[in-house]
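Enquirer: I'd like to ask some things about the structure below.
Please treat every number below as a calculation from the coordinates, not as lab data. Given the structure is predicted, the values throughout are model-derived calculations rather than measurements. Please note: Cβ atoms are built from the backbone with ideal geometry, for glycine as well, and neighbour counts cover all protein chains shown.
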Amino acid sequence: MRRTSCATVALLALASASCRKGGPREGIQPVASAESTAPAHDAVVPGLVRVATGEHLDDFQFAGEGRLALCSRGDVVEIDLAERRRSVLVPNAHCARLVADGAAIAWIDRAIDGRKATNPVWLYDRLAGKAQVLGRFVGPAIEQGVLRLDARDVYVLRGYPEYGLHDDRDRELLAFPRAGGPSRVVVPRPGPNTFALDETHVYWQHGSFGTGELSRRGKTGGSPFLVAKAEQGNLFVLGGAVYLNDWSPMERDLRRVAVTGGTFGTLPIRVESLVASRERFCWFADRRVSCCGADSVTHSVEVPIEARALAVSGGSVALATRDGDDDSLWLLPIPR
């Protein structure tokens, strides 16, 4: 595991990608059972283990330390990583995207699709061991990057039936209280393309190509504050900075600006998949998993698998790979 600066490891990854197109998937052996979590195999990379097979993943997140929450085959599923135990928490949940923490899992019920569908927002309470509907909204189906969770609320980016999710003329950000009660509008229309949270503020990118902006406001209200000019991309907040991963397939650059405002700077990181936690962000490129913390110290390791999605929490990265028609999940420890 390498330990160096974010910029240095990004340049090393780019140089490696330019001279290597990838080889055979050495060291990956099939797992017999597709009905339960799989035992650890003899991994080429120390600590890399396959923890589940036979899944059909729409989404997955860490649900606190030591657990993974999945949307798999429409069910809400939990995997206890220490015991390799798979549990179906909510069958037939019709989930496609979820968010989770150590106390709860939230998702959108997509049993009925379409622009005028009524979508229930569900929350599974771990302590109570049951799920409840927090509220409903009318709008098009929820897509990746439009569902977030904090200690108080579940945040949902919804589109209006007249226009759809990809038109910010009629899009708004809603918050559904975890304790129950009416939802509230956090960012009115014309609303975000994407959004992110920190402890006190919500950040969102809005506007079209050439006219885009990044703004923020307090979670409990207040006037919007223009942080920077910004094109469309995925957002996350870490260590007093907002990061934007460009949506353009020709770019895929990672940009950074202080939460207090300024101009975006570009990091030499081009990624295939990128995720973030409160402590660090991680990305996958050219069979290498790299993680960078707010202290700009990066850990980077080459893996013998092609990851199509990542999740990160504390000292671990989870990676999803496609195995024919099914998915496998892998766990890779990373130093704190």
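Enquirer: Just order 204-217, 80-93 by mean Cβ neighbour count inside 10 Å, highest at the front, would you?
Expert: On the way: 204-217: 17.7, 80-93: 14.6.
Ranked from most to least packed, the peptides come out as 204-217, 80-93.
Enquirer: Could you calculate the FRET efficiency of Gln132 with Thr211 from 1/(1 + (r/R0)^6), where r is the beta carbon distance between them and R0 is 45 Å, rounded to 0.05? Don't skip to the answer; put the middle values down first.
Expert: Details: r = 41 Å, r/R0 = 0.91.
Computed FRET efficiency for Gln132 and Thr211 comes out at 0.65.
Enquirer: Once the Cβ-Cβ distance between Asn92 and Thr200 is put in as r, and R0 is 30 Å, what FRET efficiency do you end up with, to the nearest 0.05?
Expert: Numbers: r = 37 Å, r/R0 = 1.25.
According to the calculation, E is roughly 0.20.
Enquirer: Can you pull the one-decimal nm distance between simple spin-label points at Glu65 and Ser223, each 7 Å off the Cα toward Cβ?
Expert: The modelled label-to-label distance comes out at 4.3 nm.
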